[in-house]
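The values are calculated or read from the model by the stated rules, or taken from the named source; none is laboratory data. In this text, all values refer to a predicted model and were calculated from it rather than measured experimentally. Every residue, glycine as well, gets a Cβ built from its backbone with ideal geometry; the counts of neighbours run over all protein chains shown. We work out accessible area using only protein heavy atoms, side chains counted, and drop any ligands, DNA or RNA first. Shrake-Rupley method; radii C 1.70, N 1.55, O 1.52, S 1.80 Å.
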Amino acid sequence: RAIVIDCDLRRKRLSAELCPNAKQGWLEAMNGSVKFSSIMKTDKKTGMAILPLGRGKFSPRDVFGSASFERMLDALRQNYDLIILDSAPVLAVADSLDLASRVDAVVFQSAWKKTKAGVAKTALASLAKVRSNILGVVLTRVKLKEQSKYGGSAYGAYYQGYQQYYNE
C-alpha cells in the first residue's frame, strides 16, 4: 500500500499531472477545512493513493516543520507501507532540505543531459549535510537510443532491449 503526496508547494506538478481537477488538497485537509477522504485520489493504473495540492495559493510558512504535518504523516503510516513525498528540487527551496531531513530515505532524481553534474553534486552534498538517508539516484528522461552510443555496441543491444520492454 503506497501513497504519494505532492510536496512541491510552488509548482504543484504532480497534482497537475495526476489530479488536474483537484480544487482542494492536503493543505486544506490538514488545516481542517475539508476531510482527507474527500481529497484523496487513486491512480487507476497503479492503484496508488495520491494526496494532491489544491489550486489555492495559500501555503503555511513552515508547513513541513509543523505538528500538523507530523500528525498527518503519523496517521498515514497507520494505513500505508510506503509514503512518497514528491518535493521541489533540493537547491531551489529550503523546504526540500527540511523534508529530506525528516523522512526515512531519499531518492534523488536527476534529468539526463539536463541536470549539470556540478549541480547534482552540490545537491547531493546538501542532502548529506542534513543527514538524509540517500538510497540512490534515478536518472530520468533518458533517450535510450542516444544513450546506447556512449556504452559501445554491447551496451547498445542491452538498452535497445529495454526500449522494446517500455514500448510494450
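Within the stretch 64-87, does at least one residue satisfy the condition of being of a type outside the set (Asp, Glu), at pLDDT below 90 and touching a Phe, Trp or Tyr at 6+ places or on another chain (Cβ under 9 Å)? No, because not a single residue in the stretch 64-87 is of a type outside the set (Asp, Glu), at pLDDT below 90 and touching a Phe, Trp or Tyr at 6+ places or on another chain (Cβ under 9 Å). Applying the set (1) closer than 26 Å to Ala2 by Cα; (2) touching a strand residue (DSSP E or B) at 6+ places or on another chain (Cβ under 9 Å); (3) outside any strand (DSSP E or B); (4) aliphatic (A, V, I, L, M) to Val137 leaves exactly one unmet item: (3). Exactly one residue out of Lys12, Lys23, Lys44 is basic (Lys, Arg), surrounded by 16 or more Cβ atoms within 10 Å (Cβ to Cβ) and out of contact with any helix residue (DSSP H, G or I) (no Cβ under 7 Å at 6 or more places or on another chain), and it is Lys12. For the stretch 47-76, what are the residues that are open to solvent by less than 50 Å² (accessible area, probe 1.4 Å), of a type outside the set (S, T, N, Q) and under 22 Å from Leu97 (Cβ atoms)? Leu51, Leu53, Pro60, Val63, Phe64, Gly65, Phe69, Met72, Leu73, Leu76 - these are the residues of the stretch 47-76 that are open to solvent by less than 50 Å² (accessible area, probe 1.4 Å), of a type outside the set (S, T, N, Q) and under 22 Å from Leu97 (Cβ atoms). Residues in the stretch 77-104 that are within 15 Å of Cys7 (Cα to Cα), open to solvent by less than 50 Å² (accessible area, probe 1.4 Å) and of a type outside the set (D, E, K, R): Ile83, Leu85, Ser87, Ala88, Val90, Val93, Ser96, Leu97, Leu99, Ala100, Val103. The helices (runs of 4 or more DSSP H) found entirely in the stretch 1-107 that carry 3 or more residues being closer than 23 Å to Leu135 by Cα are 67-77, 94-100. No other residue among Ser126, Ser132 is surrounded by 15 or more Cβ atoms within 10 Å (Cβ to Cβ) and outside any helix (DSSP H, G or I) apart from Ser132. Checked against the criterion of being farther than 26 Å from Leu139 by Cα and within 15 Å of the chain's Cα centre (by Cα), the candidates Phe69, Phe64 yield just one match: Phe64. On the stretch given as the stretch 107-123, residues that are open to solvent by 80 Å² or more (accessible area, probe 1.4 Å) and in contact with a Leu (Cβ under 9 Å, 6 or more places away or on another chain) total 2. The residue of the stretch 135-147 that is modelled with the lowest pLDDT, among those that are more than 12 Å from Ala105 (Cα to Cα) and open to solvent by less than 80 Å² (accessible area, probe 1.4 Å), is Gln147.
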